[in-house]
Ligand SMILES: Cc1cc2nc3c(=O)[nH]c(=O)nc-3n(C[C@H](O)[C@H](O)[C@H](O)COP(=O)(O)OP(=O)(O)OC[C@H]3O[C@@H](n4cnc5c(N)ncnc54)[C@H](O)[C@@H]3O)c2cc1C
């Protein structure tokens, strides 16, 4: 039986795999269902950058001396001086992905095209069933680390249409592979695209569509309507003191609050992690302004306070989607036809299906959410604890409800993975106390 199995290989378990290289005595295997590491590949669009500084790489904030740092990646690729002159902390998403792939290439025990289909408790640990190349295999480990990410969420009335007509109705998570200008082109009128939502993904898709909207003669290939039910196209909170919510200190504070206070707080903290970046808004504004010079049409409209209420697929030729939109403050409803609907309607945390056989044994709070301890372990009733550093199920990025807004933030990923390594080792391999901030959250008890 090995020490730990990681399920999923996005940035968070990759960070754990990189940090575990300092403790060769801890044996590990990681399983990822995709054929290779490719971070949100459908959203690696032109100009897109991380929304956190490059120091939020896989290791630096917990171990700046690690050979797996972004700076060492640049050094190994002879790009350090270019990056130095670039003077930009927010690296391109494409480069972050390439950096992660470089780390993947140096680690052992990472298995791709390997989907975990089932987990179950056994004496002294867990058994994991993996489907790799259509072959089922089982592995056993004392501990599990679940880092299976979040799932794109479509409003229920869009789900059926997205299945029936995936090139006409899609989540932004599928944008790069599903959107196709030729599919939506029409002879009788200008094709129309509707974008829903006002988060970063919706904004990036708007910008990408805007940039490919005109043909060589300057004629539009389609029109874009961008709608959000939010009260405005607002930026994400990005003040220095606001950013301190993404810290171990805030995590400590949040974790200590009662469950009901936590759920109210999360509902009020949307703009800490769900709005658009100021830079993207400014970029979009510039593009609109430039196109409108001489009062030329922009072929794009924007409206907030406008909720998508219903959709109907008209399967005539050519296919259209009849959409009902409601302006909430005017209490006014309109119906219109679109040739494509792209929903930037977010992502949802949730334990993966492969954990189902264990779910009955996982303790839940009053709101039915899994209890996640401060050290990122689930409370497994009748758990197979045998000794220090064994018998745990850790979660990474499944704990917004218990640990606060930092759960999905890349900036806290290395810190959390460092906490997991310490727990597995039963001693402090990484210094998890060093990430101090200026403000105090709550009064000392
Ligand atoms: C487009 C986009 C941009 C983002 N940009 C930023 C940013 O700039 N800064 C920031 O702080 N945060 C950002 N985030 C949020 C967050 O950091 C990322 O979502 C990040 O990828 C989360 O990492 P993860 O490891 O939890 O999940 P993921 O990256 O989603 O990886 C989880 C992996 O688990 C695999 N998996 C799932 N189930 C199984 C199974 N049963 N068996 C095997 N494998 C499985 C999946 O295939 C997937 O590859 C962004 C999110 C999105 C969607």
> Within region 139-154, which residues are surrounded by fewer than 18 Cβ atoms within 10 Å (Cβ to Cβ) and more than 16 Å from the ligand (Cβ to nearest atom)?
Replying inline: 140
>> Being modelled with pLDDT under 95, part of a loop (DSSP other than H, G, I, E, B) and either in contact with a helix residue (DSSP H, G or I) (Cβ under 7 Å, 6 or more places away or on another chain) or closer than 20 Å to residue 1 by Cα (or both) is the filter here; which residues of region 370-414 pass it?
In response: 382, 383, 384, 385, 386, 387, 388, 389, 390, 391, 392
>> Could you check region 298-314 and list, in sequence order, the residues that are part of a loop (DSSP other than H, G, I, E, B) and in contact (Cβ under 8 Å) with a residue 40 or more places away in the chain?
In response: 299, 304, 305
>> Looking at (1) surrounded by fewer than 15 Cβ atoms within 10 Å (Cβ to Cβ); (2) out of contact with any strand residue (DSSP E or B) (no Cβ under 8 Å at 6 or more places or on another chain), which one does residue 164 not meet, given that it meets all the others?
In response: (2)
>> So residue 121 ticks every box in (1) more than 13 Å from the ligand (Cβ to nearest atom); (2) modelled with pLDDT of 95 or more; (3) crowded, with 16+ Cβ neighbours inside 10 Å but one. Which box is left unticked?
In response: (2)
> loosely packed, with under 15 Cβ neighbours inside 10 Å, in a loop (DSSP other than H, G, I, E, B) and touching a helix residue (DSSP H, G or I) at 6+ places or on another chain (Cβ under 8 Å), is that true of residue 351?
Replying inline: no
> Does region 322-345 hold any residues that are surrounded by fewer than 18 Cβ atoms within 10 Å (Cβ to Cβ) and over 13 Å from residue 306 (Cα atoms), and which are they?
Replying inline: 322, 336, 337
> Can you pull out the residues in region 210-248 that are assigned to a helix (DSSP H, G or I) and assigned by TED's automatic domain parsing to the domain that holds residue 186?
Replying inline: 210, 211
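Tell me the residue from 222, 179, 234 that is in contact with a strand residue (DSSP E or B) (Cβ under 8 Å, 6 or more places away or on another chain), modelled with pLDDT under 95 and over 30 Å from residue 370 (Cβ atoms), please.
When all the criteria are applied, what remains is 234.
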> more than 16 Å from the ligand (Cβ to nearest atom) and not in a strand (DSSP E or B) - does that describe any residue in region 332-346?
Replying inline: yes
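The values are calculated or read from the model by the stated rules, or taken from the named source; none is laboratory data. Treat the numbers as computed from the prediction; the structure is a model and nothing was measured. Every residue, glycine among them, receives a Cβ derived from its backbone with ideal geometry; neighbour counts consider all protein chains shown.
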